[in-house]
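Notes follow once the structure below has been shown.
The values are calculated or read from the model by the stated rules, or taken from the named source; none is laboratory data. Just so we're clear, the structure is a prediction, and the values are computed from it rather than from any experiment. Positions of Cβ are backbone-derived with ideal geometry, glycine not excepted, and every protein chain shown enters the neighbour counts. With ligands, DNA and RNA removed, areas are computed over all heavy atoms of the protein, side chains included. Shrake-Rupley method; radii C 1.70, N 1.55, O 1.52, S 1.80 Å.
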Amino acid sequence: MPMTRTVALITGANKGIGLETARQLARKGLLVIIGARDEAKGRAAAESIQKEGFEARAVRIDVTDPATIAEAARRIEGDPGRLDVLVNNAGVFAAGKDGPASTTGVETFRQTFDANLFGLVAVTQAFLPLLRKSSAGRIVNLSSILGSVAEHGDPNSGIYQMKVAAYDCSKAAVNMYTNHLAHELRGTAIKVNAAHPGWVKTDMGGPEAPMDVVDGAKTSVWLATLPPDGPSGGFYHTQVHMRW
Ligand SMILES: NC(=O)c1ccc[n+]([C@@H]2O[C@H](COP(=O)([O-])OP(=O)(O)OC[C@H]3O[C@@H](n4cnc5c(N)ncnc54)[C@H](OP(=O)(O)O)[C@@H]3O)[C@@H](O)[C@H]2O)c1
């Protein structure tokens, strides 16, 4: 029998905002698939959701490794045989290497773009055939306020002084990709949006971050479960549109 439940794949979901997004979507009744580059960590994350009584699976995806993406798409197409929600959550920040535009090394740019942009594009393209079959496809791209050109150009913005060139450029590119894909998919059942989760206490966000992971997942969860009249092609934080 074909699966009738809404199915969500979340990349980089073995910890942090990704795992919490998966947990909150599972609590809403979705079947969640944890994408993780480390198989054991992915399984452990899925089990932590199963222990709460919800259905969760794990699949190995390293977003920088096309073979793992293709294999994951093949497996999900086989079982559960559908995909309604893709949360492109996996991301990196090269702490200690990323910084000023004049000195941050090209290799740091490459590694950051590899995961944050090229990986996101590769995963999206691999799963689009399945998402197109959904009656309500949703794609959520984890961006950041640090990817906003408008915020970086505004001396009154809270992030005006926070310039980490490789990461910021990669998230600005995620925003542009979101815009282009949403435009291409307008008139279909698929909505594509970018999310700024907030500054969130995770391994990436650090202990100083003001938001806990429960609140940090809320923007992704909202965009993953938008109603038919919800927006597409936007950049949101807690249901408020961000400046690009
Ligand atoms: N925390 C914040 O304040 C904040 C603010 C704005 C935006 N964001 C964005 O939100 C997303 C989640 O961040 P987070 O704070 O939850 O970070 P995190 O705790 O460091 O988690 C990042 C996740 O991405 C995974 N990942 C990294 N490279 C990967 C790859 N090549 N293939 C597959 N998975 C990969 C990590 O897997 P491993 O465990 O294997 O490394 C981990 O599961 C990121 O896109 C980040 O840029 C975060």
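Results, tabulated for the structure shown:
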{"item": "Centroid-to-centroid separation of segment 115-168 and segment 18-40 [C-alpha atoms, Å]", "result": "19"}
{"item": "Segment 94-196 shape via C-alpha gyration tensor axes, a/c threshold 1.5", "result": "oblate"}
{"item": "Most mobile of LEU19, LEU130, LEU83 in a GNM of the chain (Cα contacts under 10 Å)", "result": "LEU130"}
{"item": "Solvent-accessible area, 1.4 Å probe, carbon plus sulfur percent, for segment 7-241", "result": "54"}
{"item": "Gyration tensor verdict on segment 162-244 (Cα atoms; rounded if a/c is under 1.5, prolate if a/b is larger than b/c, oblate otherwise)", "result": "oblate"}
{"item": "Mean separation of Cα contacts under 8 Å (6+ apart) over length of segment 190-244, as relative contact order %", "result": "43"}
{"item": "Listed residue (MET204, PRO228, VAL87) projecting farthest to the positive dipole end of segment 7-241, Cβ model", "result": "PRO228"}
{"item": "Choice from THR225, THR112, THR103 showing the highest fluctuation, given a GNM over the chain with Cα pairs closer than 10 Å", "result": "THR103"}
{"item": "Principal axis box of the chain, alpha-carbon based, largest edge first, Å", "result": "56, 39, 32"}
{"item": "Within straight-line cross-link reach of LYS41, aspartates and glutamates at Cα separation under 19 Å, skipping those fewer than 8 residues along the same chain", "result": "GLU20, GLU52, GLU55, ASP62, ASP65, GLU71, ASP203"}
{"item": "Across LYS15/LYS133; LYS28/LYS191; LYS28/LYS201, pairs whose alpha-carbon gap is larger than 26 Å", "result": "LYS15/LYS133"}
{"item": "Most mobile listed residue (GLY53, GLY147, GLY81) in the chain, GNM with C-alpha springs under 10 Å", "result": "GLY53"}
{"item": "Lysines whose Cα lies under 18 Å from that of LYS171, excluding same-chain neighbours fewer than 8 positions away", "result": "LYS97, LYS163"}
{"item": "Over the chain, relative contact order from alpha-carbon pairs under 8 Å, at least 6 apart, %", "result": "19"}
{"item": "In segment 29-62, trypsin sites (Lys or Arg not before Pro) in a DSSP loop with at most 10 other beta-carbon atoms within 10 Å", "result": "LYS51"}
{"item": "Separation between Cα centres of segment 64-95 and segment 202-237, rounded to whole Å", "result": "19"}
